[in-house]
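Asker: Once you've had a glance at the structure underneath, I'll fire off some questions.
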Amino acid sequence: MKVPHALLGRPRDAAGMKRLALGLLVGAACLYALATAMAPRHAAWGYVAAFAEAAMVGAVADWFAVVALFRHPLGLPIPHTAIIPANKNRIGDNLGSFIATHFLATDQVLAKVRDFDAAGRVADWLSHPANADRVAARLLDVGRWAVGALDDERVRTFVADLARRGLAQVDVTRLSGQVLEAMTHERRHQELLDGVLVQLARLLGEDSVQDTIAEAIAREVKALKYVGLDQVAARLATRKVVVIVAKTIIDMADDPAHRLRRRFDDMVDGFVARLKDDAALQARGERLKRELIDNPALGSYIHQLWGELLAWLQADMAHHDSSIRRTITQAARTLGERLTGDADIRGWINGELQAAAPRLIERYRDDIRRYIVARVQAWDAREMTDELERHIGRDLQFIRINGTLVGGLVGLLIHTATHAWR
């Protein structure tokens, strides 16, 4: 697995520093050769030779130390060299343990959570219109991607098949009975009956309805037509019907135990019981359900609904004045404003985060450590070594440069002290 470059930072000019360090080593070697050749001519050349000799030793020693971190010097399998690739897995294990111990310690994380004031920061950020609009824009981007991905024939077929499978698993008759039972609990259906009766009374009070009833009655009393009393009798009968119905409605409204109400209760209870327990009715419901599932029109209808829904979403999100975007923006701003003005809810959110943090830390700390270890172990050792050397090699070359100069100065100091002692 490749090593992520972002982990290592930006590379600097390691190659140039390598050339400089090598140049100093070569320069020290040349200087040593020159000083050795010139030593008989003047005693000062001895000091120069001592400096150059120690500089070469320091340069070679530090070159060996730097190279040994990444590979075997000169390709020789010297013990305790190529330290990084040889210990890659141990480095990953130690790195994971270090982060888990020093960065994910419960007390440290809780202190950060307390100081962070997550609810206050979110509230302040969302209360700015630009930020709320930014949230809406990001969510709209996600929404456009999701709608585009869902606008696929395979998804339509999957949705239609899912709807069929879901419908096939539903006991429609028994479910209808349960729903109707819930609707009639505590005599809620009597409110429906009251509404029907009120509408019926209002309907019978309309002149056009009474005229229609009168004409129907007039057609039935044919014998009175020949003496011209059919319309008179029809109007009288209509008024009688209206009065009777109105009186019945008033009686039912005033008497919760009215016999018609009881008959209505008995009818509803009986129908609910049949829906739940009547095998014949359930079998009929299953046949109707199966016919609906097997009907190709159901799949076409679901396809059409799915396409229309996606088309509407796409059209709205593409519009410059998208209602979805307005809704999300307003919701984000409202949330920010509410959080800003409600210290209690902010305290509750922060308190819940602080209460949940220890459990989450204890639960996931070791998972994070194992993840780091696994990721480092999965890296290619050669590539990791090359990347490390490329990114921190410039700093390591300073070791070689400093070793050359410091070694030379120490050699010069020793040579001077030796002559002074003599």
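Rule-based calculations on the coordinates, nothing more; no lab input. Being a predicted model, the structure only gives us computed values, none of them experimental. Note: ideal-geometry Cβ built from the backbone for every residue, glycine included; neighbour counts use all protein chains shown.
Asker: To the nearest Å, what is the center-to-center distance of segment 87-155 and segment 47-78, using C-alpha atoms only?
Answerer: 48 Å
Asker: Output ³J(HN,Hα) for segment 144-154: one whole-Hz value per residue in order, computed from phi by the Karplus curve 6.51 cos²θ - 1.76 cosθ + 1.60 with θ = phi - 60°, and x for Gly and Pro.
Answerer: Along segment 144-154, the couplings run 5, 4, 5, 5, x, 5, 7, 7, 9, 4, 5 Hz.
Asker: Still on this structure: What number comes out for the charge environment of ALA331, summing +1 per Lys or Arg and -1 per Asp or Glu over other residues with Cβ under 14 Å away?
Answerer: The answer is +4.
Asker: All other residues with a Cβ under 14 Å from the Cβ of LEU110 taken together, and with Lys, Arg as +1 and Asp, Glu as -1, what is their net charge?
Answerer: Local net charge: -1.
Asker: Something else: Whole-Hz ³J(HN,Hα) for each residue in segment 294-304, computed from phi via Karplus 6.51 cos²θ - 1.76 cosθ + 1.60 with θ = phi - 60°, x for glycine and proline: what do you get?
Answerer: Each residue's phi maps through the Karplus curve to give 7, 6, x, 5, 5, x, 5, 5, 5, 4, 5 Hz.
Asker: Taking H as built 1.01 Å from N, whose amide H comes closer than 5 Å to the amide H of LEU104, not counting residues under 5 places away?
Answerer: Result for LEU104 returns nothing.
Asker: Continuing with this model, one more query. Karplus couplings for segment 330-343 from phi (6.51 cos²θ - 1.76 cosθ + 1.60, θ = phi - 60°), rounded to Hz, Gly and Pro as x?
Answerer: 5, 5, 5, 5, 4, 4, x, 5, 5, 5, 4, x, 10, 5
Asker: What number comes out for the charge environment of GLY307, summing +1 per Lys or Arg and -1 per Asp or Glu over other residues with Cβ under 12 Å away?
Answerer: Net of charged neighbours comes to -3.
Asker: While we're on this one: Find the centroid of the Cα atoms in segment 16-36 and in segment 300-372, then give the distance between the two in whole Å.
Answerer: Value for the Cα centre distance between the two parts: 64 Å.
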